[in-house]
């Protein structure tokens, strides 16, 4: 699992936010498009791609895309 | 382990009833922007749902479905041995609703009547109870009535719950049927009790003027402690973890192949979730019918409502897999044949 692939997969679940905005330091919850439905898409994508179940605390405790990546790696 | 198998017991008939009043998701403009509404409709999949009139309870919707079922199938009410009512929006705290329905439906005083209280897994659970009774030597017919009026317990100022819940009542007649073997797999996890909850109004937190008042909750939504709360992410996470696993488990334990299943009837929670299951289990999309676009999440009524609204008039041998999951946390699946089941057209009341 590498961070560039993860960023690409993460960016893919967004419809309106340009892919180039997705960098490791991005505070993703500040994105206008972020919502609880996006959180569901994130959980679904992570389970699909990495066979890891993210829970709400994992998402709440992650500030940046990189934090999410490390959380997934550690599970 | 609650894995149950039955033989020569099956569903003889089904009927369902929804109220005529339509609540459109596009009218949620007081809760969210038009763009958010569009996205919610697209992801959650609910365009509209039905709300019961103020004087109509879940038991009334079930009563209407039951009278239709009895009429359409020429059933003698006195031939019904057991009546089970499952709801979390029953008529009274005391008494149970089933005896009230026994009297209204003209069933004999020799009928065993009782309520079961479970959420969205409830139909599958209660159906297993109905099958168990119908397997008993002197029991020929069990009438299972499952209905909800969640519109009564949902704050229409709660962005999480207001877009979801609709009302419906259903009737399922179970009896001795030559339809092979049926299987049920039942599960529970009380560690998740807080994920879907009405915190007040029971004995743990009795109703008082404070917990009847709608106010801003920690999550920013406006509701009272006497109205439904749901941690959507926790429930989604739970369902993702358990539902595909439970379906694989029942297929394995029953020895039935996924290819032998004609229809997978999922609890209609939200489209996003069902799409996830369909993809995860590699189910051909057309085999998992939806009715939540028109009726929303009707809690325990959603599985039988989907059968009635989507399978009425559909030919075939109709081997079905049913899956319910929700408050408790509680989840259950069943494999059974609807080959002998006569489905009445969907009613409005």
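List of remarks:
- Rounded to 10°, Cα long-axis angle of helix B:34-44 versus longest principal axis of chain B: 30
- Calculated over the protein assembly as shown, the projected area of the Cα convex hull averaged across directions stands at 20.7 nm².
- Between the range B:62-136 and the range B:290-344, the alpha-carbon center distance in angstrom: 17
- Simple spin-label estimate for residue B:209 and residue B:71 gives 4.7 nm between the two label positions (7 Å along the Cα-to-Cβ direction from each Cα).
- Rounded to 10°, Cα long-axis angle of helix B:271-280 versus longest principal axis of chain B: 60
- Radius of gyration (Cα atoms) of the range A:3-74, expressed as a multiple of 2.2 N^0.38 Å: 0.97.
- Considering only the protein assembly as shown, percent of DSSP beta bridges that pair antiparallel, nearest 5: 70
- Proxy reagent accessibility, fewest Cβ within 10 Å first, across B:67, B:209: B:209, B:67
- Share antiparallel - DSSP beta bridges, chain B, percent rounded to 5: 70
- Chain B - Rg (one decimal) and Dmax (whole number), Cα, Å: 19.1, 59
- Our summary gives chain A a relative contact order of 34 percent, counting only alpha carbon pairs under 8 angstrom and 6 or more residues apart.
- Fewest-first ranking of B:1, B:14, B:203, B:32, using other Cβ atoms within 10 Å as the exposure measure: B:203, B:1, B:32, B:14
- Panel order for B:187, A:70, B:71, B:267, by other beta carbons found within 10 Å of each beta carbon, from fewest to most: B:71, A:70, B:187, B:267.
- For the range B:1-138, share of DSSP beta bridges that run antiparallel, in % to the nearest 5: 40
- Summary value for the range B:275-349: 25 percent relative contact order, contacts being C-alpha pairs under 8 angstrom separated by 6+ residues.
- Once C-alpha pairs closer than 8 Å and six or more residues apart are averaged by separation and normalised to the residue number of the range B:3-143, the relative contact order reads 25 percent.
- Rounded to the nearest 500, the helix-only mean residue ellipticity at 222 nm of chain B stands at -8500 deg cm²/dmol, with each DSSP H run of n ≥ 4 adding -39,500 (n - 2.57).
- On Cα atoms only, tilt of B:302-311 relative to the major axis of chain B in degrees: 60
Readers should treat all values here as calculations from the given coordinates under stated rules, not as data from a laboratory. Keep in mind that what you see is a predicted model, and the values were worked out from it rather than measured. Cβ: placed from backbone, ideal geometry, glycine included. Neighbour counts: every protein chain shown.
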